[in-house]
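Peer 1: My questions all concern the structure below.
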Amino acid sequence: MAAADKGKKAKVAEEGGSPSPSPTASPEFLQSISKLQEIQDELEKINVKASNEVLVLEQNFNVLRKPVLVRRNEVIGTIREFWPTAFISHPILGDLLNEEDRKILKHMSSLEVEEAKDVKSGYSIIFNFSPNPYFEDEKLIKTYCFNEEGKLSIMCQPIKWKDGKGTNGNGHDKGGKRPYTSKSFFTWFSEAVKSDGRVDQIAEIIRDDLWSNPLRLFQEEVDAMGLYGEAEGEGDKGFGGGNEGAEEDEGGDKEEVEDDDDKEYYEEDGDGEEEDIGEDEDDGGTDADADEDE
């Protein structure tokens, strides 16, 4: 018996641990555990109160954010392909897209994340789409709900794919090319609760990263393509857009250039070249005066 006890102690020493308390603990030990439990219960009450107050505070700030988010969406609406560009630029979300997904995402017009009035109850992720050749839906919505016990449930609807389209491997690229085989991001919209009952990482990234600051992601993509330098002075609202402002200038017969207090006027001659009218008249007057002096 003594040899067995020595063997157990040696094993504990090798593992770097310490012997567990004796089953017949002393009154002092039991009293300490009881006091510790009381303190832990007190801390738990404070934690619950803090959590509730944080939720109330978050709800109040959501009210303040709402009109600002509306203004942000209005400005984003003037930038062509803003949300697709920001989505693709994300280091994780972008890798979830196959070739066909990227084509579909080009038709995404806006993104919304709607928090429940009671923040802890959940939120909805809404992808808005313009009319497109892939599906009938104008909105793809996935809602995450939590009950009082914190158990997660997900509400989502299958996408109404048009004939020949979808994420089941039957879709083909234009021209009857071979079907795309990699998993589509759009299957996420109809996926149910994960086996471990947690919100999936995609939802968390969209809510906490993409929705929180899409401008950062958009700028990273634009910077990588060097489009800021090209867009300066073109007056184009779009991402990689055209030259509407330049076309209007070319369509006019006369362009006024103002330099300090002097004004010069330019007019196109028959060959499409610009002729400086103001300077010629001045030069002509000077030459005539010179002839008279002679």
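Peer 1: Could you grab the pairs with beta carbons closer than 9 Å, sequence gap of 6+ or different chains, first residue in region 48-63 and closer than 19 Å to Glu148 by Cα and among the polar types (S, T, N, Q), second one at pLDDT 90 or above and surrounded by 10 or more Cβ atoms within 10 Å (Cβ to Cβ)?
Peer 2: Listed pairs, sorted by first residue: Gln59/Glu115.
Peer 1: Continuing with this model, one more query. Residue by residue through region 115-128, note down the ones that are in a strand (DSSP E or B) and of a type in the set (A, V, I, L, M, F, W, C).
Peer 2: Ile125, Ile126, Phe127
Peer 1: For region 96-136, how many residues meet the condition of being modelled with pLDDT under 95 and among the β-branched types (Val, Ile, Thr)?
Peer 2: Residues that pass the stated criteria total 1.
Peer 1: Could you tell me which numbered condition Glu74 fails, if it satisfies all but one of (1) surrounded by 10 or more Cβ atoms within 10 Å (Cβ to Cβ); (2) within 16 Å of the chain's Cα centre (by Cα)?
Peer 2: So the condition that Glu74 fails would be (1).
Peer 1: Is at least one residue of region 138-153 among the acidic types (Asp, Glu) and surrounded by 11 or more Cβ atoms within 10 Å (Cβ to Cβ)?
Peer 2: yes
Peer 1: Which condition number does Val119 fail, the rest of (1) in contact with a strand residue (DSSP E or B) (Cβ under 9 Å, 6 or more places away or on another chain); (2) closer than 22 Å to Val70 by Cβ being met?
Peer 2: (1)
Peer 1: Same structure, new question: May I ask you to list the residues in region 41-90 that are in contact with a helix residue (DSSP H, G or I) (Cβ under 8 Å, 6 or more places away or on another chain), part of a helix (DSSP H, G or I) and closer than 30 Å to Met225 by Cβ?
Peer 2: Answer for region 41-90, where residues must be in contact with a helix residue (DSSP H, G or I) (Cβ under 8 Å, 6 or more places away or on another chain), part of a helix (DSSP H, G or I) and closer than 30 Å to Met225 by Cβ: Ile76, Phe82, Trp83, Pro84, Thr85, Ala86, Phe87, Ile88, Ser89.
Peer 1: Farther than 30 Å from Ser212 by Cβ, at pLDDT below 90 and in contact with a Lys or Arg (Cβ under 8 Å, 6 or more places away or on another chain) - does that describe any residue in region 13-34?
Peer 2: Checked region 13-34: at least one residue is farther than 30 Å from Ser212 by Cβ, at pLDDT below 90 and in contact with a Lys or Arg (Cβ under 8 Å, 6 or more places away or on another chain).
Peer 1: Would you confirm, using the coordinates I've provided, whether Ser89 is more than 15 Å from Gln219 (Cα to Cα) and of a type in the set (Gly, Ala, Ser)? So that I can check it myself, show each step before the final result.
Peer 2: On the way: more than 15 Å from Gln219 (Cα to Cα): no; of a type in the set (Gly, Ala, Ser): yes.
For Ser89, the condition - more than 15 Å from Gln219 (Cα to Cα) and of a type in the set (Gly, Ala, Ser) - is not met.
Peer 1: Which residues, taken from region 127-156, are under 17 Å from the mean Cα position of the chain (by Cα) and within 16 Å of Asp208 (Cβ to Cβ)?
Peer 2: Matches in region 127-156: Lys142 only.
Peer 1: Just name the residue that is surrounded by the most Cβ atoms within 10 Å (Cβ to Cβ) out of those in region 201-250 that are small (Gly, Ala, Ser) and at pLDDT 90 or above.
Peer 2: Ala203
Peer 1: Which condition number does Pro131 fail, the rest of (1) touching a residue at least 40 places away in the same chain (Cβ under 8 Å); (2) not in a strand (DSSP E or B) being met?
Peer 2: Every listed condition holds for Pro131 apart from (1).
The values are calculated or read from the model by the stated rules, or taken from the named source; none is laboratory data. Not measured: the values here are computed from a predicted model. With ideal geometry, Cβ positions are generated from the backbone for all residues, glycine too; neighbour counts draw on all protein chains shown.
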